[in-house]
Amino acid sequence: MRRNEDSFLHSENFKQRTITALALTVILILSLAVLDGVIFRVLFAFAWFVAIMELYAAEITLIIREAEIIRGGDVAVPMLYGGLILSVICICLLFSYEEIVITIVAAISTDVCAYLFGNALHDQFFSSRPFPKTSPKKSYEGIVGGVFSCEFALLITYGVLHLQTTNRYIVILIAAPFAAIFGDWLESFVKRALKIKDSGDAFQNPGFRFLSFTNKLMAGHGGFLDRLDSIAAVTCLVFLTRYIP
């Protein structure tokens, strides 16, 4: 176990992910703190545009290669498009500051902690994997770590924002980490259906190469779509909970 932790912590990918994640965290905090989150909404719109283009470029590349989409992709791809479209409408136009913070905290805490726990503890307690075909690197250890970390982060967020524990926020507390995990799984399934490893790979298509510079902004993270998948799913959940009495 110790050898596995050392190789994980000293891997080049982990170093890249860490540096990029720290930089994005600083930008995230500053953008949320200024002008009641207006700057964050603008940055999110840019990230959303790049993510949509990654998804579209991957589809176009598959068509050019005259390859068939993997079974189930004809449903999963529109679902991902729908989640992304709803997320940009909600975060840029509909959501209050509190709703944006809750969405981002839930998605990021689940993603980050699932990654950390999954790499540090994978196969230590469970011998099987939850999604062996669509996302073989995901582990039950990572999922459990991500779920509990999200719950803890949301409880702290509720306290900081002075939110009352209404039925709506209880549902978000319970369901948010699972929504984030579903979003991550859905995007992994779509990537498999479109035959790409990282969402940023889609910009290798000559027609979209002008956007390849965005890959450097997400070094070690695959692409913008790889980071917005969980946010899109949690956004949909938070939006639907608006109708809870």
Is it the case, given these coordinates, that VAL105 is in contact with a helix residue (DSSP H, G or I) (Cβ under 7 Å, 6 or more places away or on another chain) and in a helix (DSSP H, G or I)? yes
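Could you look through the range 208-245, keep only residues that are part of a helix (DSSP H, G or I) and aromatic (Phe, Trp, Tyr), and pick out the one that is nearest to ALA179 (Cα to Cα)?
Taking the range 208-245 first, the residues part of a helix (DSSP H, G or I) are 208-211, 214-217, 224-243.
Subset that is aromatic (Phe, Trp, Tyr): 208, 210, 224, 239, 243.
On the way: PHE208: 31, PHE210: 33, PHE224: 18, PHE239: 12, TYR243: 17 Å.
My answer is PHE239.
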The residue that is surrounded by the fewest Cβ atoms within 10 Å (Cβ to Cβ), considering only those in the range 18-72 that are closer than 22 Å to ILE85 by Cβ and polar (S, T, N, Q), is SER31
Log entry, pairs with first residue in the range 223-245 being free of Cβ contacts under 8 Å to residues at least 60 places away in the same chain and within 16 Å of TYR115 (Cβ to Cβ), second being part of a loop (DSSP other than H, G, I, E, B) and of a type in the set (D, E, K, R), beta carbons closer than 7 Å, six or more apart or on different chains, reads ASP226/ASP198
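If I filter the range 45-54 for residues that are in contact with a Lys or Arg (Cβ under 9 Å, 6 or more places away or on another chain), within 17 Å of ALA202 (Cα to Cα) and modelled with pLDDT of 90 or more, do I get at least one hit? Working first, answer last.
Initially, the range 45-54 is screened for residues in contact with a Lys or Arg (Cβ under 9 Å, 6 or more places away or on another chain), giving 47, 51.
Checking which are within 17 Å of ALA202 (Cα to Cα) leaves us with 47, 51.
Add one more test, that the residue is modelled with pLDDT of 90 or more, and what stays is 47, 51.
Yes, that holds for at least one residue.
State whether one or more residues within the range 74-83 are in a loop (DSSP other than H, G, I, E, B), out of contact with any Cys (no Cβ under 7 Å at 6 or more places or on another chain) and not hydrophobic (A, V, I, L, M, F, W, C). If you could, list the steps in order and put the result at the bottom.
Taking the range 74-83 first, the residues in a loop (DSSP other than H, G, I, E, B) are none.
No.
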Point to revise | Residue in the range 87-95 that is out of contact with any His (no Cβ under 8 Å at 6 or more places or on another chain), assigned to a helix (DSSP H, G or I), at pLDDT below 95 and under 24 Å from ARG192 (Cβ atoms) present | key: yes
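Any residue at all in the range 123-134 that's within 18 Å of ASP226 (Cα to Cα), surrounded by 15 or more Cβ atoms within 10 Å (Cβ to Cβ), out of contact with any Asp or Glu (no Cβ under 7 Å at 6 or more places or on another chain) and not basic (Lys, Arg)?
The initial filter retains those residues of the range 123-134 that are within 18 Å of ASP226 (Cα to Cα), namely 131, 133-134.
Then keep just the ones that are surrounded by 15 or more Cβ atoms within 10 Å (Cβ to Cβ); that gives 131, 134.
Now narrow it down to the ones that are out of contact with any Asp or Glu (no Cβ under 7 Å at 6 or more places or on another chain): 131, 134.
Those still in the list that are not basic (Lys, Arg) too: 131, 134.
So far as the range 123-134 goes, yes, one or more of its residues are within 18 Å of ASP226 (Cα to Cα), surrounded by 15 or more Cβ atoms within 10 Å (Cβ to Cβ), out of contact with any Asp or Glu (no Cβ under 7 Å at 6 or more places or on another chain) and not basic (Lys, Arg).
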Of those in the range 137-151 that are without any contact (Cβ under 8 Å) to a residue 40 or more places away in the chain and of a type in the set (A, V, I, L, M, F, W, C), the residue nearest to PHE178 (Cα to Cα) is VAL147
Among ALA107, ALA76, the single one that is touching a Gly at 6+ places or on another chain (Cβ under 8 Å) and crowded, with 20+ Cβ neighbours inside 10 Å is ALA107
Could you go through the range 171-193 and let me know if any residue there is surrounded by fewer than 24 Cβ atoms within 10 Å (Cβ to Cβ) and not in a helix (DSSP H, G or I). no
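The values are calculated or read from the model by the stated rules, or taken from the named source; none is laboratory data. Because the structure is predicted, anything quoted here is derived from the model rather than measured. Note that each Cβ is placed from the backbone with ideal geometry, even for glycine, and that neighbours are counted across all protein chains shown.
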